[in-house]
Amino acid sequence: MGHIVSMLDFAKRLHDQHRHFSITILLIKPLFDPSYNLYVESLAASDTQFRYIHLPPPPPPSEHQVLTSLDKFFYDFLESYKSQVRDAIVHHVLSSSPSTARLAGLVVDCICTTMIDVADEFAAPTYIFFTSSAAFLGLMLHLPIRHALIGTEFTISDPDSLTHFPSYANPVPTSVIPSAIFNKQGGYSTSLNHARRFRNTKGIIVNTFEEFESCAMKSLLVSPESPPVYAVGPLLDLSGDARSGSDRDKILKWLDEQPPSSVVFLCFGSLGCFDPPQLEEIAAALEKSGHRFLWSIRRSPPKGEFGLPTDCGGDYDGLLPEGFLKRTKNRGMVCGWAPQTAVLGHAAVGGFVSHCGWNSILESLWFGVPMVTWPMYAEQQINAFEMVVELDLAVELRLDYKCEFGGIGDKVELVAAEEIERAVRRVMDGENLVRERVREMRDKSRKAVMEGGSSFDSLRRLVEDMLGNH
Ligand code: UDP
């Protein structure tokens, strides 16, 4: 979901800058996320600007394939789509375009690097669409250099050991490097392959903005390994209507009744969920903190099984401490999928406890709501590290908490109520300097995408490059 939302906003902005581009969006039905299908179908039905082509769904993977290495599994899965992408380009793009039209390029999601081969067959340039930070892109681009020197994958024996990556000002502890990079069953080699392929493209489009990640952007601009990097963000779906969940009106009405900046919002992305013992600690923290709260909770899949969190449908029995909902009913609300952008944009919201997904980070900055870091899966730990250590733009709760989605991974740490309560109090403190810095970044993020802003100009340079492709 996080990939497609920003990619579509990018397509809109590209089209706004140059109306003569004809844009076709090739969609692969995901195996795991039904809300994605609803979102894409509603967009395709309402949007006449672009052509949407749904590629036929593949056979489902075995649980073993998914559990061994999700990244490797995705690589193989996408590889099996190559011929369908090739056919779609021939039948839906080239055959329906005027004879004078030419293929300006393929914009390829950062985990779909295998499609660079398809672009090559058409002698068309590829641009990578990188859905995370410029700093993490720098880490990825550094992997082949490190591999050439050291020749092995990362090992996790010492979580406190430090690695220098040019895109981070501070040395990066092993404990915040994404776990895929330690995976010897295909995760590391897949990351390395992607990074090698990034280097052979015409450019990399990143959902960030220069004023936010200036150190990382500088390092990319001087890096001989990197193709041109275009920071064109923040790319956000601010209406969020197509994926706002069934409780949207109830939630917004409740927020309307709360005083300004009084509510702490807790939400852990499309895949985040906790087991009952951790939910109890969070509940205790919220109760003790005395702050108003809006808390998005989803039920974990059964232990040991691969699956996605599911909506509780208003039934939190067995998940929350006895009497919690009753005791907090005048100052708290628990919900399932939250209309996150509408919530963050609401005047009542003063803080955000987040899993540090990249879209959530950009959304919190856009609305100037300071975050507490509670990373869970994918590259969220290193995002949390960047927000706290590199940029001083978030309140630290955890940088290295890990809870791989779908029940994959080791035993999960229990974060104690006292620590959560302390972090909530800090983020809600009106005097906290982080709040002021986040507010400044909000203004910068909005300027970046306006005419004359850094991301606007970067997109214009990208358009010029695309128009120059023959
Ligand atoms: N989101 C939402 N409601 C929820 C959970 C997530 O609207 O209850 C949206 C959120 O606004 C963001 C996206 O889903 O746009 C999650 O993307 P992110 O990169 O933050 O995390 P991911 O889900 O990819 O881990």
Completion exercise
Mean Cβ-within-10 Å packing, highest first, puts peptides 385-395, 286-296, 36-46 in the order 385-395, 286-296, 36-46
Fill in the blank from the handout: Among 357, 337, 391, the residue whose Cα sits farthest towards the positive end of the charge dipole of region 308-393 (+1 at Cβ of Lys and Arg, -1 at Cβ of Asp and Glu, taken about the Cα centre) is 337
Exercise for the section: Positive end of the charge dipole of the chain (Lys, Arg +1 and Asp, Glu -1 on Cβ, about the Cα centre): tell me which of 455, 313, 175 has its Cα farthest that way. Expected result: 455
Completion exercise
Taking region 109-205, the equivalent ellipsoid from its C-alpha gyration tensor has semi-axes in Å, biggest first, of 26, 14, 11
Completion exercise
Computed for the chain: size of charge dipole around the Cα centre, +1 on C-beta of each Lys and Arg, -1 on C-beta of each Asp and Glu, debye to nearest 20, value 720
Practice task
At q = 0.13, 0.15, 0.17 Å⁻¹, what is the base-10 log of I(q)/I(0) for region 260-400 according to the Debye formula with one equal point scatterer per Cα and no solvent? Please give it to two decimals.
Solution key: -0.55, -0.74, -0.95
Completion exercise
Nearest 10, in degrees from 0 to 90: the angle of helix 417-428 to the longest Cα principal axis of the chain is 70
Completion exercise
Per the helix-only model, the chain has a calculated mean residue ellipticity at 222 nm (DSSP H runs of ≥4, -39500 (n - 2.57) each, divided over all residues, rounded to the nearest 500) of -11500 deg cm²/dmol
Practice task
Can you pull the one-decimal nm distance between simple spin-label points at residue 249 and residue 45, each 7 Å off the Cα toward Cβ?
Solution key: 1.8
Fill in the blank from the handout: Between the residues 166, 251, 282, the Cα farthest towards the positive end of the dipole of the chain, that dipole coming from +1 and -1 charges on the beta-carbon of Lys, Arg, Asp and Glu, is from 251
Exercise for the section: Step through the table entries 303/411; 250/303; 218/444; 202/447, compare each Cα-Cα distance with 23 Å, and write down the pairs that go over it. Expected result: 250/303; 202/447
Practice task
Considering the convex hull of the alpha carbon atoms of region 178-236, report its projected area averaged over all viewing directions, in nm², one decimal.
Solution key: 5.0
Problem - Estimated dipole of region 422-470 in Debye, rounded to 20 [Cβ of Lys and Arg +1, of Asp and Glu -1, Cα centre] - result: 400
Exercise for the section: Return the tail of the calculated pair distribution for the chain, meaning the percent of Cα-Cα pairs more than 33 Å apart. Expected result: 36
Practice task
List, largest first, the extents of the alpha carbons of region 340-428 along their principal axes, each in whole Å.
Solution key: 39, 27, 25
Handout entry: Cβ charges +1 (Lys, Arg) and -1 (Asp, Glu), total dipole of region 275-314, debye
Key = 120
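The numbers here are math on the coordinates, done by the rules we state, and not lab data. Bear in mind the structure is a predicted one, so any value in this text is a computation, not a measurement. Backbone-built Cβ (ideal geometry, glycine too); neighbour counts: all protein chains shown.
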